[in-house]
Amino acid sequence: MANPIDQRGKERGGIRRYLDTVTPQEYRPETGEVDLAEISLTGLADLYGSDKGKIKHRYTDIYTKLIDELGGRKESLTVVEVGVACGASLRMWANYLPNSWIKGFDIRPECASLCEDLENVQIHIEDVRQYPHPLGIVDLFVDDGSHIVEDIIGTMLVAQEWVRPGGFYVVEDMSCTYNDAYRDKFNKHFNQNLANNRALLMQFFDELLRMMDTGRGMWSEMRYTNKLWVLKKR
């Protein structure tokens, strides 16, 4: 039976906001009788219009399990997400993890003023690969950026160092890495000329597997489910 709190969240939200078609715009729904301390991660995603919940991907089912492995929603964690869009998922994280620090990265200046009402959210306007200051200990790193192979690999090579032992590194929307139409749309919108070379990703993937098989490298575990790639730090 559906949780009535989550259902109210779905009714209040339900608008997808894509990074490549919508100018970043603040969205603060009226929460009314919804208790943000009780609503599930999926309910929060739907409330704020993030596609991580029932609206589209259901990634929140996996994220809830990862948060539980990290100690639960009352823990003090550091969550970093690349790709702020309209701030929907940052709001989701901030309310689900009120004792945690949420950091977002985006290259668009329009994102800078989002989520200013949330004390535990900080947004950096820059390419995370060029961020000059190590972020220290990160419990959960989420790459919800361009979804282009070259960016996915480049971001991981830099940001993987920030994830703490036992922490998680997640890459969303992996189906975009073999979608030529998505690549063309992205390149046109952002005036890029990226190849989105799936073969390069598979080579990188194979290298990670080989290191794990021989006990080398920094990852102890790899999970894949419905467009979502999860690595656990050794």
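Of all residues in segment 209-218, at least one satisfies being closer than 26 Å to THR60 by Cα and in contact (Cβ under 8 Å) with a residue 24 or more places away in the chain. With respect to the conditions (1) out of contact with any strand residue (DSSP E or B) (no Cβ under 9 Å at 6 or more places or on another chain); (2) at pLDDT 90 or above, GLU26 lacks only one, and its number is (2).
Matching residues to (1) loosely packed, with under 15 Cβ neighbours inside 10 Å; (2) small (Gly, Ala, Ser); (3) touching a strand residue (DSSP E or B) at 6+ places or on another chain (Cβ under 7 Å); (4) at pLDDT 95 or above:
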residue	(1), (2), (3), (4)
VAL128	no, no, yes, no
PRO132	yes, no, no, no
LEU194	yes, no, no, yes
ASN197	no, no, no, yes
GLU207	yes, no, no, yes
LYS233	no, no, yes, yes
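Only a single item in (1) modelled with pLDDT of 95 or more; (2) surrounded by 13 or more Cβ atoms within 10 Å (Cβ to Cβ); (3) not polar (S, T, N, Q) is not met by GLY217, and it is number (1). Looking at SER146 and the list (1) without any contact (Cβ under 8 Å) to a residue 40 or more places away in the chain; (2) closer than 25 Å to ASN226 by Cα, which single condition is not satisfied? Every condition holds for SER146 apart from (1). For segment 60-105, filtered to residues that are more than 20 Å from TYR131 (Cα to Cα) and basic (Lys, Arg), the residue that is surrounded by the fewest Cβ atoms within 10 Å (Cβ to Cβ) is LYS74.
Filtered by the rule that a residue be among the small types (Gly, Ala, Ser) and either in contact with a Cys (Cβ under 7 Å, 6 or more places away or on another chain) or part of a loop (DSSP other than H, G, I, E, B) (or both), segment 145-201 gives GLY145, SER146, ALA195. Annotation: of all residues in segment 134-156 being of a type in the set (Val, Ile, Thr) and surrounded by 21 or more Cβ atoms within 10 Å (Cβ to Cβ), the one that is farthest from TYR182 (Cα to Cα) is VAL138.
Residues considered: MET222, MET211. Of these, the only one that is part of a helix (DSSP H, G or I), surrounded by 11 or more Cβ atoms within 10 Å (Cβ to Cβ) and either of a type outside the set (S, T, N, Q) or within 19 Å of the chain's Cα centre (by Cα) (or both) is MET211.
The number of residues in segment 84-105 that are of a type outside the set (A, V, I, L, M) and modelled with pLDDT under 95 comes to 2.
The values are calculated or read from the model by the stated rules, or taken from the named source; none is laboratory data. The model shown is predicted, which means the values in this text are computed figures rather than measured ones. Note that we place each Cβ from the backbone using ideal geometry, even for glycine, and neighbour counts take in every protein chain shown.
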